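Written out below as structure tokens is the structure these notes cover.
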Amino acid sequence: MSSEAQKRDICELNSEELSEILINEFSEKRFRATQIYEWLHKKKAADFSDMTNISKDLRERLSEAFRITVMEPVEILTSKKDGTKKYIMRLYDNNVIESVFMKYKHGNSVCISSQVGCRMGCSFCASTIDGLVRNLSAAEMLAQIYAIERDTGERVSNIVVMGSGEPLDNYDELVRFVRMISDDRGLNISQRNITVSTCGLVPRIRQLSEEGLQITLALSLHAPNQAVRERLMPVAKAYELSDVLKACEYYYEKTKRRLTFEYAVVKGVNDNREEALQLAKLIKGMHGHVNLIPVNPVKERSYESPDKKDVYEFQAVLESHGINATVRREMGRDIDGACGQLRRRYIENAGICTD
Ligand code: SAH
């Protein structure tokens with residue numbers, strides 16, 4: 001690893017921590033720390049030399065002690081249909097991750113990754129095929145958004161943590177990220193516009209409930225019962241479905257944030273009428289809605305997309321039982337596929353070794 005990579009990452013520090021270090025280790029005033037924090041997190045500076053209202057001497061001392069995490073987009077695919085952009089970003093250690101920019105009527109949304117790879121093993125997901133490589137730092141989660149704002153020249157108003165990785169398997173960095181991105185000294189994105197998606201790590205959902213955050217929790221449910229869930233998601237063997245749902249309800253009680261239940265519809269696995277009925281019963285009375293996602297076939301896996309009419313019928317069954325359900329609009333359909341596939345293709349083409 002280069003000496004640069006061994007330096008402390010200044011973007012990882014929240015504003016209180018940065019102030020403390022600037023005051024105690026650099027004998028600077030608090031307002032300097034505020035200026036530097038704003039350079040990093042409001043103006044998205046990529047280098048200390050950008051910080052024009054900071055003295056040259058301090059900039060040099062800072063760059064000797066710290067590095068700045070910057071994401072470098074190494075491949076960008078742009079949809080001609082809806083303006084969706086998919087990014088392959090390179091990290092300082094040459095790992096690559098995916099992030100996605102989507103334009104909606106209500107604003108711009110970014111889907112970020114929380115880990116390089118994933119160890120949860122969901123059987124339809126490409127991100128997990130080679131397992132977990134490493135966690136992303138909070139700074140690397142922030143930097144995905146900064147890089148996209150820089151590239152598009154647009155403001156991001158919504159964030160979904162639904163790229164590669166299991167965010168609650170990288171709990172501390174995820175919570176640090178949420179606090180920093182919603183800090184008014186940074187991009188100040190409302191916590192209510194942030195959704196964190198989890199495969200259902202029960203103790204972590206309960207812990208998240210106590211953080212005093214206002215983010216939306218999305219549960220990857222994908223099944224109307226324990227048996228089907230175990231077939232699709234190995235993590236289901238560790239946490240009984242009823243316990244996962246209890247933890248989600250606890251999250252609702254603590255935060256009063258309505259839940260999202262994600263349900264990847266897989267042909268012949270979880271897409272029939274009885275399963276829709278069972279799902280309706282399972283979550284009746286819970287404070288949430290269902291997001292149906294026609295599964296995106298992954299070439300390494302044998303699962304098939306469901307027929308459109310089956311998805312709409314599934315939705316109709318839920319609705320007729322009083323469960324609010326939407327079918328996810330596929331964004332950027334013309335620019336390649338499912339979660340984690342772009343990264344895999346990039347790695348294969350570039351001949352990058354992932355282990
Ligand atoms: N680990 C987290 C977040 C990452 S995945 C989680 O499990 O929720 C984001 C969502 O995309 C999850 O609901 C996941 O199950 C879903 N997903 C993964 N691969 C998919 C595929 N091939 N087709 C449709 N949805 C997929």
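The values are calculated or read from the model by the stated rules, or taken from the named source; none is laboratory data. Values in this document were obtained by computation on a predicted structure and should not be read as measured data. Cβ sites come from the backbone with ideal geometry, for glycine too, and all protein chains shown count toward neighbours.
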Scanning the stretch 181-202 for residues that are within 16 Å of the ligand (Cβ to nearest atom) and either outside any strand (DSSP E or B) or surrounded by fewer than 16 Cβ atoms within 10 Å (Cβ to Cβ) (or both) gives CYS199, GLY200, LEU201, VAL202
For ALA223, are the conditions met, namely being in the same structural domain as LYS105 (by TED's automatic domain parsing), surrounded by 21 or more Cβ atoms within 10 Å (Cβ to Cβ), among the aliphatic types (A, V, I, L, M) and not in a helix (DSSP H, G or I)? yes
Sole miss for PHE314 among (1) part of a helix (DSSP H, G or I); (2) under 24 Å from ARG119 (Cα atoms); (3) within 15 Å of the ligand (Cβ to nearest atom) is condition (2)
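Look at ASN14 and say whether it is free of Cβ contacts under 8 Å to residues at least 24 places away in the same chain and surrounded by fewer than 20 Cβ atoms within 10 Å (Cβ to Cβ).
Considered against the rule, which asks whether it is free of Cβ contacts under 8 Å to residues at least 24 places away in the same chain and surrounded by fewer than 20 Cβ atoms within 10 Å (Cβ to Cβ), ASN14 comes out as no.
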(Q) Within the stretch 84-93, does at least one residue satisfy the condition of being closer than 19 Å to MET180 by Cα and under 24 Å from the mean Cα position of the chain (by Cα)? (A) no
Selection from the stretch 178-218 of residues of a type in the set (A, V, I, L, M, F, W, C) and touching a residue at least 60 places away in the same chain (Cβ under 8 Å) yields MET180, LEU187, CYS199, ALA218
Scanning the stretch 106-133 residue by residue, those within 15 Å of the chain's Cα centre (by Cα) and at positive phi turn out to be GLY117
ARG231: passes all of (1) outside any helix (DSSP H, G or I); (2) of a type outside the set (A, V, I, L, M, F, W, C); (3) touching a residue at least 60 places away in the same chain (Cβ under 8 Å) but (1)
Residues in the stretch 86-109 that are of a type outside the set (S, T, N, Q), more than 14 Å from the ligand (Cβ to nearest atom) and within 24 Å of ILE68 (Cβ to Cβ) total 9
